[in-house]
Structure formats: C-alpha cells, structure tokens
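What follows is a set of notes on a single structure, which appears directly below.
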Amino acid sequence: MPKQPVRVHIFNQTYTLLAEDGAAEVQEIAHRIDDLMVSIAGQSSSGDSTRIAVLACIHLADQLREAEKKLRAFEHKSAAISSLLESALSDSPQE
C-alpha cells in the first residue's frame, strides 16, 4: 500500500506526514501529542516549544518504559502458566 500524506497540527505547527495505515491513526496520535504538549506548556513557565517537545518526549519514553515492564511481567507469567499447563497435561492419564 502506498504511503499517503496526512496533514496534522501539533502545538500550533502544521506537519505533513506519510502514513501507510490511514490518516485516522496518524491524526489521533498527533492529537494526543498536541494535547500532551499543551498540558505541559500550561504547567511550565517557559514558552519554549523545543523545551516543551523534549519534556513531552521524556514523558512518552517513560510511558513506553512502563508498558515494556508490564509486557515483560506478563510474558513471564504467561510462560509460567504455560509450563504449569504442560506439566498438568503430561501428568494426566492418557485416554
């Protein structure tokens, strides 16, 4: 599928991005980033857009790190459950 240009607005700037999966997802992501940057700007005494963008990146990186930690914990639990099931099935009488 060819990439399609999508225009988005983030923190009073317009960007044209190329998207393979459709404009709706890209626009939703851009809207979330805009909301985050506006929120950070509202709590900051600095109006510097670069500083606000860096703070937004740090916030998003922290969210990603937390999600990765949860995923790893889930993978460990899933492996443990799988092991228990395999053990239980191998111990059960065969028909």
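Please treat every number below as a calculation from the coordinates, not as lab data. Since this is a predicted model, take the numbers as computed values, not measurements. Here the Cβ is made from the backbone with ideal geometry for all residues, glycine too, and neighbour counts use every protein chain on show.
When the helices in the chain are scored as -39500 (n - 2.57) per DSSP H run of 4 or longer and the sum is shared across all residues, what 222 nm value do you end up with, to the nearest 500 deg cm²/dmol?
Helix contribution divided over all residues of the chain: -24500 deg cm²/dmol.
Per residue and in Å³, how big is the convex hull formed by the alpha-carbon atoms of the chain?
150
Taking the chain as the reference, fit the longest principal axis to its C-alpha atoms, fit the long axis of helix 49-91 to the helix C-alpha atoms, and give the angle between the two in degrees, 0 to 90, nearest 10.
10
For a protection proxy built on the mean count of beta-carbon atoms within 10 angstrom, sort 78-86, 51-59 highest first, please.
Ranked from most to least packed, the peptides come out as 51-59, 78-86.
May I ask for the angle, rounded to the nearest 10°, between helix 23-43 and the longest principal axis of the chain, with both axes built from Cα atoms and the value confined to 0 to 90°?
For 23-43 against the chain, the angle is about 70 degrees.
Would you work out the relative contact order for the chain, in percent, from Cα pairs under 8 angstrom that are 6 or more residues apart?
17
Stretched out fully, how many nm does the piece from TYR15 to ASP62 gain, at 0.36 nm a residue minus the Cα gap?
14.5 nm
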